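Worksheet for the structure shown next.
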Amino acid sequence: IKGNYNVNISYYDDAIRQRLLLEQEIEGEMKTALETGQFQVFFQPKFSIKDEKHAGAEALVRWIHPEKGIIPPGQFVPIFERNGFISELDLYVMRQTCDFIANQKRNHLPYVPISVNVSRRDIYNESLPQVLSKIVESYQLDISDIHLEITETSYTENSQQLIGVITKLKQLGFVIEMDDFGSGYSSLNMLSELPIDVLKLDMRFLQNSLNAYSQNSSILSFIISLAKWMNISVVAEGVETKSQLEYLRNLNCDYAQGYYFAKPMPRDEYYAMMEHAQVT
Ligand code: C2E
Ligand code: CA
Ligand code: CA
Ligand code: CA
């Protein structure tokens with residue numbers, strides 16, 4: 001029995017050691033990676049469901065590692081949220097995004113607002129509104145050219161502080177999008193207490209709704225009606241098929257984002273797509 005116990009311990013130790021090693025490796029390389037341009041901002045377009053016009057995009061970061069290839073954000077964003085590096089990375093994503101839109105404007109090319117993710121860590125930072133608006137202004141953009149995506153999991157604690165920061169961002173002119181809606185608990189509370197412009201439905205919400213035995217489809221239709229009534233527009237994420245799109249159209253959902261239309265793409269590819277895009 002004692003032997004078994006030891007085996008379990010060492011197996012457990014090993015898994016933890018592996019994770020710590022990977023984490024240390026990522027932490028050791030992150031600063032150089034940022035300085036040498038290994039982080040790249042990809043863009044994923046989103047479309048108006050009514051006329052299928054290009055209505056916006058989301059900026060999503062990728063780590064193009066010289067040996068490991070493309071590392072998805074799921075593997076480093078949680079680590080950077082713990083060690084604080086996410087703040088610096090998010091500002092980099094913001095500047096890259098502003099630079100793209102500024103370039104489109106300067107060359108009289110079509111452009112749409114682009115949504116940038118704000119980490120749950122920074123949304124409590126009282127200097128965030130000033131920092132972000134200064135960046136946007138330094139590229140001579142309108143504040144409303146940038147939308148901010150915040151996640152609802154950040155709502156549970158210090159909600160007064162959170163409400164303060166988001167209200168300030170909204171007053172400055174940023175469009176506020178609630179990300180991953182339907183994946184947490186305080187959703188309806190948040191809708192009434194925060195100045196939200198856009199709801200982004202979590203993709204699991206859509207997938208569950210299409211399950212015939214689920215009651216989620218009536219919940220989804222209720223959420224969309226409620227949002228309409230509150231003057232909030234609704235984006236469905238993770239739309240992969242035509243039937244999902246038709247389903248959302250019937251529910252009067254406003255926008256769709258997902259592989260059915262396009263995957264997140266590098267700046268050059270998005271630039272090329274914009275040349276022929278029908279924008280709203
Ligand atoms: P998110 O903000 O919920 O982003 C949506 C995720 O869904 C993206 O994953 C996107 O590539 C993926 N996606 C889009 N359409 C589809 C689809 O049709 N089917 C499926 N299965 N997936 C789809 P990604 O790029 O791997 O990002 C994962 C998460 O990492 C993001 O979730 C966000 O929380 C975080 N993240 C990404 N970029 C940034 C960033 O610049 N800053 C911060 N703070 N977080 C970021
Ligand atoms: Ca997002
Ligand atoms: Ca999301
Ligand atoms: Ca997410």
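Within the stretch 166-206, being out of contact with any Phe, Trp or Tyr (no Cβ under 7 Å at 6 or more places or on another chain), more than 24 Å from Ser127 (Cα to Cα) and within 16 Å of ligand 4 (Cβ to nearest atom) holds for Asp180, Phe181, Ser183, Gly184, Tyr185, Met203, Arg204, Phe205, Leu206.
Look at the stretch 14-41: where a residue is closer than 17 Å to Arg95 by Cβ and free of Cβ contacts under 8 Å to residues at least 60 places away in the same chain and a partner is among the acidic types (Asp, Glu) and more than 16 Å from ligand 4 (Cβ to nearest atom), sitting 6+ places away or on another chain with Cβ atoms under 8 Å, you get Leu34/Glu88. Looking across the stretch 244-256, the residues that are part of a helix (DSSP H, G or I) and either farther than 21 Å from Phe47 by Cα or in contact with a helix residue (DSSP H, G or I) (Cβ under 8 Å, 6 or more places away or on another chain) (or both) come down to Gln244, Tyr247, Leu248. Cβ-Cβ distances below 9 Å connect the following pairs, each with a first residue in the stretch 248-259 that is in contact (Cβ under 8 Å) with a residue 24 or more places away in the chain, a second residue that is in a helix (DSSP H, G or I) and among the polar types (S, T, N, Q), and a separation of six or more residues or different chains: Leu251/Ser209; Leu251/Ser217; Leu251/Ser221; Leu251/Ser225; Asn252/Ser221; Asn252/Ser225; Ala256/Gln244; Gly258/Gln244. Within the stretch 217-234, being touching a Cys at 6+ places or on another chain (Cβ under 8 Å) and either among the polar types (S, T, N, Q) or within 16 Å of ligand 1 (Cβ to nearest atom) (or both) holds for one residue alone: Val234. Ser127 falls short on exactly one of the conditions (1) of a type in the set (Ser, Thr, Tyr); (2) surrounded by fewer than 18 Cβ atoms within 10 Å (Cβ to Cβ); (3) within 15 Å of ligand 1 (Cβ to nearest atom), and that condition is (3). Restricting attention to the stretch 257-280, the residues that are closer than 15 Å to Lys46 by Cα and in contact with a Leu (Cβ under 9 Å, 6 or more places away or on another chain) total 6. Only one entry of Ile143, Ile176 meets the criterion of being touching a helix residue (DSSP H, G or I) at 6+ places or on another chain (Cβ under 7 Å), away from ligand 1 (no atom under 13 Å from the Cβ), among the hydrophobic types (A, V, I, L, M, F, W, C) and closer than 29 Å to Glu246 by Cα, and that entry is Ile176.
Only a single item in (1) at positive phi; (2) in a helix (DSSP H, G or I); (3) of a type outside the set (Phe, Trp, Tyr) is not met by Glu52, and it is number (2).
Within 16 Å of ligand 1 (Cβ to nearest atom) and either modelled with pLDDT under 95 or touching a helix residue (DSSP H, G or I) at 6+ places or on another chain (Cβ under 6 Å) (or both), is that true of Ser214? Here the answer is no, as Ser214 does not meet what is asked.
For every residue, the table says whether it meets (1) farther than 22 Å from Met203 by Cα; (2) part of a loop (DSSP other than H, G, I, E, B).
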residue	(1), (2)
Pro45	no, no
Ala102	yes, no
Tyr111	yes, yes
Ser115	no, no
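In the stretch 264-276, the residues that are closer than 15 Å to Asn103 by Cα reach residues that are among the hydrophobic types (A, V, I, L, M, F, W, C) and in a helix (DSSP H, G or I) with C-beta atoms within less than 8 angstrom, at least six apart or across chains, in these pairs: Arg267/Phe100; Tyr270/Phe100; Tyr271/Phe100.
Residues in the stretch 55-74 that are outside any loop (DSSP other than H, G, I, E, B), surrounded by fewer than 22 Cβ atoms within 10 Å (Cβ to Cβ) and more than 9 Å from ligand 1 (Cβ to nearest atom): 5 in all. Restricting Ser115, Ser187, Ser192 to residues that are touching a residue at least 60 places away in the same chain (Cβ under 8 Å), small (Gly, Ala, Ser) and either surrounded by fewer than 16 Cβ atoms within 10 Å (Cβ to Cβ) or touching an Asp or Glu at 6+ places or on another chain (Cβ under 8 Å) (or both) narrows the list to Ser115.
The values are calculated or read from the model by the stated rules, or taken from the named source; none is laboratory data. Given the structure is predicted, the values throughout are model-derived calculations rather than measurements. Here Cβ is always computed from backbone atoms with ideal geometry, including for glycine, and neighbour counts include all displayed protein chains.
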